[in-house]
Amino acid sequence: NASTPLRNEYRQFAYDVSMGPYEAQTAASCSGGASLASCENQTGTFTVTPDDPAAAALLFTELPHVTPEGSLVFTLDETRFGDASFTLMLVDDGVPPLNATASFALLVLNVNRRPTLTVPPNVSVVQGFNGTLATPLVNTLDYPGSFSTGLHEPQGFQNWSFTLSAPSNEEFFLPGGLPRISNDGFLTFSLAPEVEGRVSLSLFARDTGGTDRGGLDLSRTYAFDIVVRDANAPPTFSLPRASVSVPEAPQAVQRAFPGFAADIRAGPDSERGLCAAAEGRNCVNQTVVFVVDYVTVPVLFAELPTVDAWGTLRFAAAPSRSGSSRVYIRA
């Protein structure tokens, strides 16, 4: 045989080939005197016909054929497996031409391909998380984009399971709350109180295709982290002065009061970008935005009060108006 993984040649597939008595392919076999005067030197042609042409067209990119020397040649489609049956006919060149037929079948066996999956590098949750993530860690419904039991294997062809490693720090989790993953790719765990930072795990998949004929039933190992963020704390600020007074004026005048809001904090240090050097902590640098919810007497203002991120109060009083107004702000 002279074959590659896809193109196959089986030599002497057809053997003991005869065109019939006294009709051999070489004249020498017909020697014998006058009694063999009718001996011929015939040749034959092989034809191969699939019993189900549509099924055969799926299995082969080069349909089976037999050479004059009797070799069977075909090329497989790497994405397909299954079986197909054929009729082999040998036709001679006598007058009239005669033929002989035989049947054969080719069985293309599947070789299990390695499962593949897409795993995000990080899964982010807030402190105190306890339950199942709303988004799957492995999207098994996105087949074969995010998950596959093997290259060119149709959805539903095999079953599979996932295996998680032990986390790098089991103290991140409550007793009985270590991460686990369902066969449809959803991750479940229960965090210990007040933990934050990062814990590392790894994941692999196994399908049910086995390892016969050199098959692979294990995916490669994928690493990912669970990142636990601080639960967002509310911002805080103070008002050193409870009221602001300006004189009445005949025209609108822009007023600014720096430091009207003081001690402005987005939250604890981890929400102010002050822990970036602390290993394992999840730090963000949040900003504070002030919102004016309500002004009791808006007609007193040509431009309503605002407070910027640095605590400066700004407004413009309406011309030739006096009175007082309460302003409600929040951060």
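Per-residue extension of 0.36 nm, minus the Cα-Cα distance of LEU239 and VAL299, leaves a gain of 19.2 nm for this segment. Applied to the range 215-226, the Karplus parametrisation 6.51 cos²θ - 1.76 cosθ + 1.60 on θ = phi - 60° returns per-residue 3J(HN,Hα) values of x, 10, 10, 10, 6, 6, 8, 10, 9, 8, 10, 9 Hz, with x for Gly and Pro.
The label point for VAL227 and the one for ASP51, both projected 7 Å from the Cα toward the Cβ, are 6.0 nm apart.
Beyond 25 Å, what percent of the Cα pairs of the chain remain? Beyond 25 Å sits 73 percent of the P(r) for the chain. Remark: the range 123-135, residue by residue, has Karplus-estimated 3J(HN,Hα) of 10, 10, 9, 9, 3, x, 4, 8, x, 10, 4, 5, 9 Hz, where x stands for each Gly or Pro and the curve is 6.51 cos²θ - 1.76 cosθ + 1.60 at θ = phi - 60°.
At an R0 of 35 angstrom, the distance between the Cβ atoms of ALA262 and ASP184 translates into a FRET efficiency of 0.10. For the chain, modelled as a GNM whose springs connect Cα atoms under 10 angstrom apart, the maximal fluctuation among THR149, THR163, THR236 occurs at THR236. To the nearest 0.05, how large is the calculated FRET efficiency for GLN286 and LEU151 if R₀ is 41 Å and r is the Cβ-Cβ distance? That pair, GLN286 with LEU151, gives E of 0.35. Here the extension length gained between GLN251 and ARG314 equals 21.1 nm, from 0.36 nm per residue of separation less the Cα-Cα distance.
In this structure, the amide hydrogen of ALA318, modeled 1.01 Å from its nitrogen in the peptide plane, lies closer than 5 angstrom to those of PHE301, ALA302, counting only residues at least 5 positions away or on a different chain. Suppose R0 equals 51 Å; then what is the FRET efficiency for SER325 and ASP212 from their Cβ-Cβ distance, rounded to the nearest 0.05? So the FRET efficiency works out to roughly 0.05.
Between ALA252, ALA192, ALA231, the residue with the greatest mean-square fluctuation in the GNM of the chain (Cα pairs under 10 Å linked by springs) is ALA252. Label positions at GLU69 and ALA134, each projected 7 Å from the Cα along the C-beta direction, are separated by 6.9 nm. Across VAL253, VAL48, VAL138, mean-square fluctuation computed from a Gaussian network of the chain (C-alpha pairs under 10 Å connected) peaks at VAL253. Considering only VAL195, VAL291, THR208, and ranking their Cα positions along the charge dipole of the chain that arises from unit charges at the beta-carbon of Lys, Arg, Asp and Glu, the one farthest toward the positive end is VAL291. Under the simplified labelling scheme, the GLU170-LEU58 pair shows an inter-label distance of 4.9 nm, with each label point 7 Å from Cα along Cα→Cβ. About its Cα centre, the range 236-330 has a charge dipole of approximately 200 debye under the convention of +1 per Lys or Arg Cβ and -1 per Asp or Glu Cβ, with nothing else charged.
Computed about the Cα centre, the dipole magnitude for the chain is approximately 2220 debye when only Lys and Arg (+1) and Asp and Glu (-1) carry charge, each at its Cβ.
Each value in this text was obtained by applying a stated rule to the coordinates, not by laboratory testing. None of the values given here were measured: they were computed from a predicted structure. Note that each Cβ is placed from the backbone with ideal geometry, even for glycine, and that neighbours are counted across all protein chains shown.
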